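Peer 1: First, the structure itself, so that you have it in front of you.
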Amino acid sequence: MRKRLLPLVFVSLYIALDAASFIHPLHGLNITPWNPAPALGLVYVLRQGPLARGAFVVAVVASEFLVRDVSPEWWRSLLSALMLAGGYLALAEVLRRRMEPGSLLDGRSALLGWMVPVVLGTLLNSVFFITGLCALGLLPAEGWRGGVLQFWVGDMVGIALAMPLFWWLAGERGRLMLKAALLRWETLGYALLCVVALLVAFGLGGGSGFKLFYWLFVPIAWAAARQGMAGAIVSAMLLQIGVIVAVQWLDFSAVTVAELQMLAFVMALIGFLIGGVVDEQRRTSDELRQTLRLAAAGEMAGALAHELNQPLTAMGAYASAYDTLKARGESGARLDAAIHGMRSEARRAGEVVQRLRDFFRTGATRLEDVALGSLVEAAAEHYRDKAAAAGIAFTVNEVPDIHLLADRLQLEVVLRNLLSNAFDAVQAQATGPRWVSLRADVPADDQVCICVEDSGPGLTARELGLVFESFYSGKSSGMGLGLAISRAIAEAHGGSLTGEVAGHGQFRLVLPIREAITP
């Protein structure tokens, strides 16, 4: 039922809008300096599709007979109305071919994508229509030039200013955005500013050739900058209505009104461009936030895969040992040790998942009092057997007796990652010395420097600039996330992680000691 009534509602609104804007008509014809009704028709056809063309033609013809002075030879008026409707439908078809669905106001390119055809299309339509009126004898030949200018200005300004409003009112998304804009207190502010600007432009400047018209740019620029396209649309229509009321009240000539309308068109175009830029910036910001969330999720997934590799490998080794012992008929302490090892590694894997999830979701760290010695020992113990099996001399120097306020698990992740990289670098060497060392120094009263060195080839100047970037790895099987995650954790603790260009591998983890960061 609602769909059946839509054409009737459209025709009624078209006629009412055409009657309200029928000002300064040239020779009583449909030639006025402001003609927003075609904007309603264009939006109706673009939204409803080809079946809406008939209702558009009916609206134009009905408005011609109900609003304007009809020629005694009625067929002339009918023919002129049909010519006009044909021109509007041709413009609608051009817009339909150029526009992506729903893209009328989606940024500057979309804005210019329909604004340029409107400017050129209304010019061609005005030449076609006014020429037809002259041929039908409804307009004297000497009035052709003035008729073309006035009709073009009226249609161009009316469509350019009113079409965005009608387009948004016809769509749910647009209605919601306009509603949100209208419900803000600042909307009342720029509405009042529109009134002040109109009073200044036409009150103080009205008698001097509207030299103060530039005041009207202030409210539309403010609204567009604050609320994007929604603010630009609302302020442009408020100013347009104010301009029409002012010129009617001051009884300006049709030529003066046409000049004012050209200024109003430029004013609205600037407002729409500012609004488009603001909307694009907001969309880009939203997309960037979404991209960052996805990147954080990717980093978290990579970190989990990287850090879970060790406990899962250890669990596999314990499980193999359990199977071997079970096959031998072993029982007692050795079998219990294998099971205990699996439980311990499973618990550590669970802690890794929880802590890294919290870190990448909120950047949160679970701070606690941590003895540096126990932290270093916990990270190093997993590599003692590996060093012995690979023939690598692994040295852990005496650690100062100091305490940190830190997330133990996160710092263990950092130290294990540095040690893992060091062992991989040494094992990749076919010849030469094979050693890894870990030491801690206190270069200042409030800092401790943990240094991991190895006999590997070390970093080049180029690698030093890339090694902490995500997804950069010097290993064929590396994921390129370990050092990036480790640096993020170090900085979250108020410290730093750096590499050194040297003849061997060297990384320095600097952390504040507890006494320096607690009251």
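Peer 1: Starting from the 7 Å offset along Cα-to-Cβ, what nm value, one decimal, do you get for the label separation of residue 464 and residue 116?
Peer 2: Result: 5.2 nm between the two label points.
Peer 1: Name the long-range amide H neighbours of residue 435: under 5 Å, sequence gap of 5 or more, or other chain; modelled H, no Pro or chain starts.
Peer 2: Result for residue 435 returns 393, 455.
Peer 1: Students sometimes get this wrong: rank 251, 446, 155 by accessible area, probe 1.4 Å, all chains present, largest first.
Peer 2: Details: 251 115, 446 75, 155 0 Å².
Result of the area sort, largest leading: 251, 446, 155.
Peer 1: Compute the FRET efficiency between residue 317 and residue 173 as 1/(1 + (r/R0)^6), taking r as their Cβ-Cβ distance and R0 = 60 Å, and round to the nearest 0.05.
Peer 2: Working: r = 57 Å, r/R0 = 0.96.
Rounded to the nearest 0.05, the efficiency is 0.55.
Peer 1: If you take the square roots of the eigenvalues of the alpha-carbon gyration tensor of the stretch 21-70 and sort them as a ≥ b ≥ c, do you get rounded (a/c under 1.5), prolate (a/b over b/c) or oblate? If you can, show how the numbers build up before the last one.
Peer 2: Numbers: a/c = 4.05, a/b = 1.85, b/c = 2.19.
It comes out oblate by the Cα gyration axes.
Peer 1: Between residue 346 and residue 23, what is 0.36 nm times their sequence separation minus the Cα-Cα distance? Round to one decimal in nm.
Peer 2: Working: separation 323, 0.36 × 323 = 116.28 nm, distance 8.23 nm.
This chain segment gains 108.0 nm when fully extended.
Peer 1: Okay, next question. Tell me which residues come under 5 Å, amide H to amide H, from residue 448 once H is placed; ignore anything under 5 positions away on its chain.
Peer 2: Result for residue 448 returns 511, 513.
Peer 1: Report, by chain and number, residues whose modeled amide H sits under 5 Å from the one on residue 458, excluding near sequence neighbours (fewer than 5 apart, same chain).
Peer 2: 505
Peer 1: Find how much the distance from residue 6 to residue 250 grows on full extension, using 0.36 nm per residue of separation minus their present alpha carbon separation; answer in nm with one decimal.
Peer 2: Details: separation 244, 0.36 × 244 = 87.84 nm, distance 3.80 nm.
Gain on extension, residue 6 to residue 250, equals 84.0 nm.
Peer 1: Keeping all protein chains in place and using 1.4 angstrom, which order do 439, 384, 98 fall into by accessible surface area, from largest down? Numbers along the way, then the final one.
Peer 2: Details: 439 55, 384 95, 98 145 Å².
Heavy-atom accessible area, descending, gives 98, 384, 439.
Peer 1: Using only protein heavy atoms and a 1.4 Å probe, report how much of residue 498 is accessible, in Å² to the nearest 10.
Peer 2: Counting only protein heavy atoms, residue 498 exposes about 50 Å² to solvent.
Peer 1: Quick one: order 272, 468, 22 from most to least accessible surface, probe 1.4 Å.
Peer 2: 22, 468, 272
Peer 1: Test of understanding: what is the full-extension gain from residue 397 to residue 142, defined as 0.36 nm times their sequence separation minus their Cα-Cα distance? If you can, show how the numbers build up before the last one.
Peer 2: Numbers: separation 255, 0.36 × 255 = 91.80 nm, distance 10.29 nm.
Stretched out fully, the residue 397 to residue 142 stretch lengthens by 81.5 nm.
Peer 1: Using a 1.4 Å probe on the protein heavy atoms only, what accessible surface does residue 74 show? Give it in Å² to the nearest 10.
Peer 2: Rounded to the nearest 10, the figure is 150 Å².
Peer 1: So how far, in whole Å, is the C-alpha centre of the stretch 1-66 from the one of the stretch 265-285?
Peer 2: First find each Cα centre; the distance between them is then 28 Å.
Peer 1: Okay, moving on. Simple spin-label model, 7 Å along Cα-to-Cβ: residue 184 to residue 367 in nm?
Peer 2: Output for this residue pair reads 3.8 nm.
Peer 1: Please report how far the C-alpha centroid of the stretch 413-443 lies from that of the stretch 160-198, rounded to the nearest whole angstrom.
Peer 2: 64 Å
Peer 1: Please give the FRET efficiency for residue 285 paired with residue 96, using the beta carbon to beta carbon distance and R0 = 45 Å, rounded to the nearest 0.05.
Peer 2: Working: r = 31 Å, r/R0 = 0.70.
Taking R0 as 45 Å, the efficiency between residue 285 and residue 96 is 0.90.
The values are calculated or read from the model by the stated rules, or taken from the named source; none is laboratory data. On a predicted model such as this, the values are computed, not experimentally measured, just so you know. All Cβ positions, glycine included, derive from the backbone under ideal geometry; neighbour counts span all protein chains shown. Heads up: the accessible areas ignore ligands, DNA and RNA and are worked out on the full protein's heavy atoms, side chains in. Shrake-Rupley method; radii C 1.70, N 1.55, O 1.52, S 1.80 Å.
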